[in-house]
Each structure stands twice: as structure tokens, then as C-alpha cells.
Amino acid sequence: MSITYLNAIREAQRHLLETDQRVLIYGQDVGLFGGAFKATKGLAEVFPDRVMDAPISEDAIVGTAIGAAIEGLRPIVEMQFADFSTVGFNQIANNAGAFFWRTGVPVPLTVRLPSGGTSGGGPFHSQSLEAVYAHYPGLVVMTPATVSDAYSMLIEAVTIDDPVIFCEHKYLYYHLKADTLEPETLPAGKARIARTGRDATVVTYSAMLHEVLEVAKELANEDVELEIIDLRTVKPLDTDTVIASVARTGRLLCAAEAWPWGGVSAEIIARIANEGFHLLDAPPRRVNAKDTPIPYHPDLWSIHRPAARSILLAVRELLRI
Amino acid sequence: MQTAVDTWTNSTTAPTSARLLEIFRSMMTARLLDEKLAALYRAGKIHGGVFLGKGQEALSAALGQALRRTDVFAPLIRDGAGRLAFGETVVEALRSCLGSPQGPMRSRDGNVHRGRPRDGYLPMISHLGAMISVVGGMLLSRRLRGRRGDIGATCIGDGGVSTGAFHEAVNLAAVEKLPLVIVVANNHYAYSTPIEKQTACRSLVDKAVGYGVQGHTADGTDIVDCCKVIGEAVNRARAGEGPQLVVAELLRLCGHGEHDDANYIDRRLKETTIGRDCLDVARETLQERNIMDAEAIAQLRAEITREIESAVQQVIKEGGPDPFAHDWCALATRRLADPPL
């Protein structure tokens, strides 16, 4: 039996609803319809009071969830697409993010963002906004890349007393499958070494992990061994694991699907330049999406976002091979 | 020390002598406290801005007085009177305005951005309309946990009703039939922008029809009308009739903040009924109804003034925060804080 990344998210929510009376799922079409991607399919039938359809009002949806969280519930908000969370951005960044700091009262809220590009998604159904949310204080930002992490990190997100932005990748929903869920996983804030290698460190997260793994496989034929770090959580950023890896390889590449300017890749490179400059044998590099809105046509989209082909080129330049 | 009388048993809408007296006391305290804050601001004792409620005290205090301590209240900029009526003390108000670390916001936020969420008293953010859905979420949570009988109340102005946040939150509250009272103080100017540039509605209460909620209008300068209309709205919300939109007509009798001389306000408006000072109207009403005579009012004023002076001395002595000993962690989950760079 195999489980998809999407099923893992649904089962995590089922588990949360079953085991914690405080859990509430709120969002557009999440009720009997089961959500635009079916991430809540079958849950409203079992938990009719705690899986609630909302009007198309992202600001008020998040505001409502903040109020529920202050009162002791553990709400999970499903944004239909990460892109639409910008309508609720004020509530997430200015209200939820600042609330504990201002008042000392925690806001245990999870916002699920169906993120990233899929073929034909276009400018407003493809965005990766983890860096935007990581920029604001008071938020935890998760970017699971595996089926097991999708399951266990969502469960952990709901137990955390702070607002968690849970960036789940839409491309992985159906494409990524696992035979079983791993019984033990790392806690939030810890990166995972997805592959060990001696020649260069590639730091990545979410769907890009799988592109990088493909590159590593190809380069192994040339006796080049990449060390791959899956960040899992982009905020907090596990700088220690990255530095330790760069100390072993001397070279750093960051690969992320988001836009380049002020992004997670830029943050990692800034930290390594600051704390591990002496470890570097070559200037650190990054591969990100192009600095334009995300194109609709598959032929444009496949060039706009990083993929195995463009990451491979960047690794070759990094290693001068 | 200012203390709001618990109104738990107060279920009628009648503007009784007892209710009017409580409202009047909060109004007077708010006005005198505002005057003190303005003086402290001019003396350079207050950082940032000072935002006063002159002209809005009757409406605000009537709302605070009509609520129970178990209700949820999210006041806005000009609700000093309502905050006091809901139970905030003068000392606590001053602590936020003067940045005392002993205040509820611990020097991290100030002036009107204060509250105690655990007591159902929400601290506003500056983005207008944002707190309405938060109140709604608290009410929804109580409903889900089977806690009945509480209501929520929140305040906004003629400018704030133009925001998307207001629209989304009122619509959502109506859909969920939440026991929420939304009080709109139409003071005719959003900072400098006149009401004609905010809405094409004949009256802001027309919006109630669009949202499918009950609408009420009040004369915001008249303590009796505020008491009656707000009391009625609160009772209807508590009785399960869904959200209530109260629109009160009044005029801001001061600048947006103390930095603002408000020279944009049409002088002719000041000559109309809405330009009346609600505190003068309340004073006359109390005397006409033999609730208080002029001497008693003067005594009350002196008593409140002493209370404020002593509170100011106390809070100034508390001093400011120590930035080097401050806890610079924005997360409740300390282990998840990004290490300082």
C-alpha cells in the first residue's frame, strides 16, 4: 500500500481531529466538498462541527482563526492556494505574528498554503511565499518535502503554540508517494541530510529536493558526490547543519523554487558568508525562479522555475566541471 | 480608583439612573484623562502619538457599560470611555500611554494599542477592521465549546467601514449568526477625509441591509439615546438575533491626534446637533433628571482629577523598560526562535 503526500496531509488532519477536541479546520470548500485538492475529503462527515466552510474572505478567515486560537482552540486554516493568502496577509503578519510579542498570549494557529507551481497554473495559482512569511517575526514556516514530513510536521505544527505557516507543495500532492510513514522524524527546526557527499553541499527544501536528488544521481555517474540538505523548516533556519556540511564539502549551492530577491537562498548564503566564509573554496551560488510572474504555458514554466537541468548547470559551474 | 460596576444583572434596555450615572462617570474620567494625556504629550512625556476621544465618550461609555465582564470587547482609537466602563483602570491606561513595563503591553506597544486578551479585552492593531473577525473567532470558539450567553462588541468609524477587513468580517459574522455588536461612530471625518468620500450610502446604517444584519441608529451626543440604543442592540445580540450594527452620528471635537489641529472640519457642522459636546449634554441630563446636581458633579470632577494625578505620579515613577535586559523573543515556543544574527 502506498500513501501520497496529499493523503498524508489528510490523514494528519484526521488524526488531529480524532485526538484533539480543540482542532478546527476552517477554509473555503473544506466541508462536505473536501477542499479544492481533497485534502479534507471525508472529514466533515465525521466531524461536522469542526470542519467548517468559510466565505471567500481570507482576511476574516485568518482573523476568525486568531480569535479561536486565543480562546484555546487549535485552528487549521486551509488557503485554497498559497497565492490567495496575500488577501489574509495583514492578519497573518501583523495580527497573528505580533500577538504573542505584544500581549504574552500565544496564537496556536496553523495556516496551510498549497504552494508552488504545477503545469498550467499561471501567475496566481503557483506561488511559493515562504520567504515572505519568514520575513515577519513571530511566525514559524515549514516546507515539507517528503510524505513522512507532510504527515508528521503538520501534526507538530498544530501542537506548536505559535502561528505556523505550513507550505505544502501542490506538485508533490499526487506525484510523491511512499510505502510507509517513517515512525520517527526530526523535530521542527532541524534540517535533514537527504544524501551524504563530499564534493558540494546543495541546500534545498520542498519540491526542489526531488530535482536536486535527480541531479545527484546523474553526477554520481561522474564520481561527483553531492551532499543534499533538506531544510524542512525555513524558519527557524538550521544554520548549524548547513555550516557543518559546508565544512566537509567547501562548496555551497542553494536551490529554491521561489523568487530570488530576499529569499531563503539569499538568507542561507548571507549566513554562510558571515559565519563560514573561511570554509568556502568557491563563491556560494543559488538557483531560483526567474524574477517575473509565473508563466502559464508549460514550455515557459519549465524554464521559469529551477529544475534538474538548470540545477545541474549551476553545480557544474560551482565545481568547475 | 475607577471601577466599572458589574452589569451582569442588567438585562433591560432602560436608561436607568444607575446606568446613566455609571456611563457619566466613565465619560468624565475619560475626558479628564484625555486632557491629562494631551498635557503630558505637549510636555514631551509621551512617545509617539496621543489619540483622544473627545465627542465620542457617550457612545463609547454606553457600550462598555452595557457589556458583562465575560463578554469580548475590541475597542478602537476613541474608546477611552468604553475601556474604563468595561473595567480598565486609569493606572492601566496610563501605563500603556507612558510606556511602563508594568502595563499589559510591557512597553512593547503603546497608547490605544492595549488590552488584556485573557479578560476578553482585545488590543487593536492599527489596521482598521482587523479586530472584528478576531472577536468573531472568539465567539465562534465559545459556541463550539458550548459556552452560551456571551456576546462580542467592537467599534469602528466612518473611515474604517470602507476597509475590506470590515466587509469580510461583518459578512462572516452574519453568515455564522454570531452574537456581535458593531458600533460605528460616524464622526464625519476619517482623519481629514469627509464622509462623502467614504460612502455613497444615504446613511451608513443602510449597510446593515446588505449584510443581512439588524441596523440601529443613535444620536451619539445624547447619553440617553446611546444608552437605550446600545442596550437594545446588546440585548438582541445576547438573545440570539445575530450581529447588530449600530451607527451613531457625532462629531470629533479634537484632532485625529494631538498633532492635528483639525482645521479641515467644517465649522457649520459644529453648530448643528452633532457638534454638541456629549459631556455637556450628559451633565444637563443628569441635572434635569435629578440624578446629580451641579455641586455633586463638581465633586465628582474633583475626585476623578485627584485620582488621575495620583495615577500619573505612580506610573511615572515606574519608569521605562531596560532594553538590555529585555526578552527579544517573538515566539512562545522558545526553542523555535531563529538564533540572533
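The values are calculated or read from the model by the stated rules, or taken from the named source; none is laboratory data. Being a predicted model, the structure only gives us computed values, none of them experimental. We place every Cβ from the backbone using ideal geometry, glycine too, and count neighbours over all the protein chains shown.
Side notes on the structure shown:
- Subset of the stretch A:33-80 [assigned to a helix (DSSP H, G or I) and either more than 24 Å from the chain's Cα centre (by Cα) or in contact (Cβ under 8 Å) with a residue 40 or more places away in the chain (or both)]: A:ALA44, A:GLU45, A:VAL46, A:VAL62, A:ALA65, A:ILE66, A:GLY67, A:ALA68, A:ALA69, A:ILE70
- Every residue from the stretch B:310-335 that is loosely packed, with under 13 Cβ neighbours inside 10 Å and assigned to a helix (DSSP H, G or I): B:GLN313, B:LYS317, B:ARG334, B:ARG335
- Search result, residues across the stretch B:18-48 that are out of contact with any Asp or Glu (no Cβ under 6 Å at 6 or more places or on another chain), more than 28 Å from B:VAL72 (Cβ to Cβ) and either of a type outside the set (A, V, I, L, M) or at pLDDT below 90 (or both): B:GLU35, B:LYS36, B:ARG42, B:GLY44, B:LYS45, B:HIS47
- Within the stretch A:57-92, the residues that satisfy the criterion of being more than 11 Å from chain B (Cβ to nearest Cβ) and not β-branched (Val, Ile, Thr) are A:GLU78, A:MET79, A:GLN80, A:PHE81, A:ALA82, A:ASP83, A:PHE84, A:SER85.
- Residues of the stretch A:256-305 that are within 14 Å of chain B (Cβ to nearest Cβ) and either among the small types (Gly, Ala, Ser) or assigned to a loop (DSSP other than H, G, I, E, B) (or both): A:ALA266, A:ALA270, A:ALA273, A:GLY276.
- Scanning the stretch B:115-144 for residues that are surrounded by fewer than 24 Cβ atoms within 10 Å (Cβ to Cβ) and hydroxyl-bearing (Ser, Thr, Tyr), we see that the one that is nearest to the other protein chains (Cβ to nearest Cβ) is B:SER141.
- From the list A:ALA134, A:ALA157, A:ALA145, the one residue that fits, being part of a loop (DSSP other than H, G, I, E, B), of a type outside the set (D, E, K, R) and crowded, with 23+ Cβ neighbours inside 10 Å, is A:ALA145.
- Residue in the stretch A:93-101 that is farther than 28 Å from A:PRO293 by Cβ, in contact with a strand residue (DSSP E or B) (Cβ under 6 Å, 6 or more places away or on another chain) and within 13 Å of chain B (Cβ to nearest Cβ) present: no
- Candidate set: the stretch A:81-126, residues that are surrounded by 24 or more Cβ atoms within 10 Å (Cβ to Cβ) and in a helix (DSSP H, G or I); chosen: the one nearest to the chain's Cα centre (by Cα): A:ALA82
- Output for the stretch B:168-180, where each listed residue is more than 8 Å from chain A (Cβ to nearest Cβ) and either in contact with an Asp or Glu (Cβ under 9 Å, 6 or more places away or on another chain) or on the phi > 0 side of the Ramachandran plot (or both): B:LYS177, B:PRO179
- Hits in the stretch B:297-327 - residues which are of a type in the set (A, V, I, L, M, F, W, C), touching a residue at least 24 places away in the same chain (Cβ under 8 Å) and over 17 Å from B:THR29 (Cβ atoms): B:ILE316
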